[in-house]
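> Dropping a structure here in structure tokens format, bear with me for questions.
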Amino acid sequence: QVQLVESGGGLVQPGGSLRLSCAASGRIFSINNMGWYRQAPGNERELVARITSGGSTDYADSVKGRFTISRDNAKNTVYLQMTSLKLGDTAAYYCNVQVGVRTYWGQGTQVTVSS
């Protein structure tokens, strides 16, 4: 089994920044893609950003230029640096990690952007 522990969410004013972290532990031989998704109340879960084992990245159009995804393979950790946060970024953020043929989800961390 693989466990994912997320941290870094919170309350921030518009224009502010937050950094999310997601650390994987357990029976890990190799991690393929790592990513972040978010889900706001009443909405479907959507991809925010993802990063391959080789470091290639992909972003939702709504966050391009504001969010940066990165990973530390030695620590089995993926990060999401969020800047210039907007009210519309308010959501529960979930990390997603692919280990072998299996996909694991974090428990979610709340990001609230409010003045």
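> What size of dipole, in debye to the nearest 20, comes out for the chain about its Cα centre when the only charges are +1 on Lys and Arg C-beta atoms and -1 on Asp and Glu C-beta atoms?
On the way: 11 positive and 7 negative charges, 38 e Å.
Computed about the Cα centre, the dipole is about 180 debye.
> Highest first, please rank the peptides 78-86, 94-102 by the mean number of other Cβ atoms sitting within 10 Å of their residues.
On the way: 78-86: 19.9, 94-102: 17.6.
The most tightly packed comes first, giving 78-86, 94-102.
> Now for a different question. Which one of Q110, L87, F29 has its Cα pushed farthest toward the positive end of the charge dipole of the chain, where Lys and Arg give +1 and Asp and Glu give -1 at the Cβ?
With unit charges placed on the Cβ atoms, the residue in question is F29.
> Expressed as a whole percentage, what fraction of the accessible surface of the chain belongs to carbon and sulfur atoms when a 1.4 Å probe is rolled over the protein heavy atoms? Please report the intermediate quantities before stating the final value.
Working: 2800 of 6110 Å².
For the chain, the apolar C and S fraction of the accessible surface comes to 46 percent.
> Which one of G26, G54, G42 has the biggest mean-square fluctuation once the chain is modelled by GNM with Cα springs under 10 Å?
Its mean-square fluctuation being the largest, the pick is G42.
> Please identify every one of the chymotrypsin sites (Phe, Trp or Tyr not before Pro) in the range 1-54 that sits in a loop by DSSP and has no more than 15 other beta carbons within 10 Å of its own beta carbon. Let's see the in-between values first.
Values: sites: F29, W36, Y37; in loops: F29.
Here the chymotrypsin sites (Phe, Trp or Tyr not before Pro) that fit, given the DSSP loop and packing criteria, are F29.
> Fully extended, how many nm does the chain gain between S70 and T112 (0.36 nm per residue separation, minus their Cα-Cα distance)? Kindly include the intermediate steps, with their values, before the conclusion.
Details: separation 42, 0.36 × 42 = 15.12 nm, distance 2.17 nm.
Separation in residues times 0.36 nm, less the Cα-Cα distance, equals 13.0 nm.
> For the pair D58 and L11, what calculated FRET efficiency results from E = 1/(1 + (r/R0)^6), where r is the Cβ-Cβ distance and R0 = 30 Å, to the nearest 0.05?
Numbers: r = 28 Å, r/R0 = 0.93.
The computed FRET efficiency comes out at 0.60.
> Averaged per residue, what accessible surface does the chain expose to a 1.4 Å probe, in Å²?
On the way: 6110 Å² over 115 residues.
Per residue, the chain has an accessible area of 53 Å².
> Under a point spin-label approximation (7 Å from Cα along Cα-to-Cβ), what is the E44-T103 distance to one decimal in nm?
According to this spin-label approximation, the distance is 1.2 nm.
The values are calculated or read from the model by the stated rules, or taken from the named source; none is laboratory data. Everything numeric here is computed off the predicted structure, so don't read it as measured data. All Cβ positions, even for glycine, are placed from backbone atoms using ideal geometry, and neighbour counts span all protein chains on display. The accessibility values were calculated without ligands, DNA or RNA, using every heavy atom of the protein model including side chains. Shrake-Rupley method; radii C 1.70, N 1.55, O 1.52, S 1.80 Å.
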